[in-house]
Amino acid sequence: MAVDPASENDPDLDPALAAAVDRLAAAPALLIALDFDGTLAPEVDDPAAARALPAAHAALLALHALPATTVALVSGRSLESLAAVGGMPDEVPLVGSHGLEVRLRPDDVRPAATPQDAERVRLLRLRLEPLVSAVPGAWIEQKPAGFAVHTRRVEGAEAAASLIDAVRAEAAAHDAGLTVRDGKNVVEFAARDATKGDGLRVLRAELGSPAVLFAGDDVTDEDALGVLVEGDLGIKVGAAPTVAAHRVADPRAMARVLERLRDARRESAATTR
Ligand SMILES: [Mg+2]
């Protein structure tokens, strides 16, 4: 294959990564599944204002247009939020809420919760609402497969802690089967749990087991990097610890990877046609 962006002219890509990209480009079927924030889009203060770097966006649209090549986004955002900022054509698969929500096509959206799950969550929420509304500053946030009770704006650490204790006790008494997750000033109740690894498995299975490129910058991306197999390519964006075999510094360097993959995949498609 005569792909020729020589590595010495490509300071963002180390030679091992460039070679891995060129190998992946020759896969018979290819899934390019990518985290969005911090991977394609630089982090910004207003989540609604996040956009993929123009170079990354253009490379992804070009890859999407190639045969046997699927581009997908895998994010912690809700599907709705991911669709709004992603800037991808409607037929691009989206995985939202860390694997809980999957939209394979506009007419094939896998909901995060079954009707039975949704009913359990609704009943527990009804039960907890009086406790939460009795504490000024506390509020409930609906989530795809559950809800969260927030105490960040509650005055006094004791009042916040006793509300958390009270809702936990009420939930345990009413429906002990729900997943309970504690965070900073928040406790979350959910009927289902999932990771980006689960979302990536669904995509891979639906697409007939293509070779996969996955890239991400956050701790939750490690779940997806962890389900990659021989012949896939995992890339960590940034300096944090990772199970990925390769690493780039930032979204700008990630855009270079995608440009190289686009060029190599075009070349590969042209020679096998
Ligand atoms: Mg990210």
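The values are calculated or read from the model by the stated rules, or taken from the named source; none is laboratory data. The model shown is predicted, which means the values in this text are computed figures rather than measured ones. Cβ placement follows ideal geometry from the backbone for every residue including glycine, while neighbour counts extend to all protein chains displayed.
State whether one or more residues within segment 188-208 are β-branched (Val, Ile, Thr), under 30 Å from Val132 (Cα atoms) and within 15 Å of the ligand (Cβ to nearest atom).
Taking segment 188-208 as the starting set, the residues that turn out to be β-branched (Val, Ile, Thr) are 195, 202.
Within this subset, residues satisfying the condition of being under 30 Å from Val132 (Cα atoms) are 195.
In the following step, the residues that additionally are within 15 Å of the ligand (Cβ to nearest atom) were identified as 195.
The answer is yes; a qualifying residue exists.
Only one entry in Leu82, Leu123 is in contact with a Phe, Trp or Tyr (Cβ under 7 Å, 6 or more places away or on another chain) and closer than 30 Å to Phe189 by Cα, namely Leu82. Filter segment 175-212 down to residues that are loosely packed, with under 14 Cβ neighbours inside 10 Å and more than 20 Å from the chain's Cα centre (by Cα), then give me how many there are. Result for segment 175-212: 6. Selection of strands (runs of 3 or more DSSP E) fully inside segment 29-136 by the criterion of at least 3 residues being in contact with a helix residue (DSSP H, G or I) (Cβ under 8 Å, 6 or more places away or on another chain) returns 30-34, 69-74, 94-96, 101-105.
Residues in segment 38-51 that are within 11 Å of the ligand (Cβ to nearest atom) and at pLDDT 95 or above were compared, and the one that is surrounded by the fewest Cβ atoms within 10 Å (Cβ to Cβ) is Pro42.
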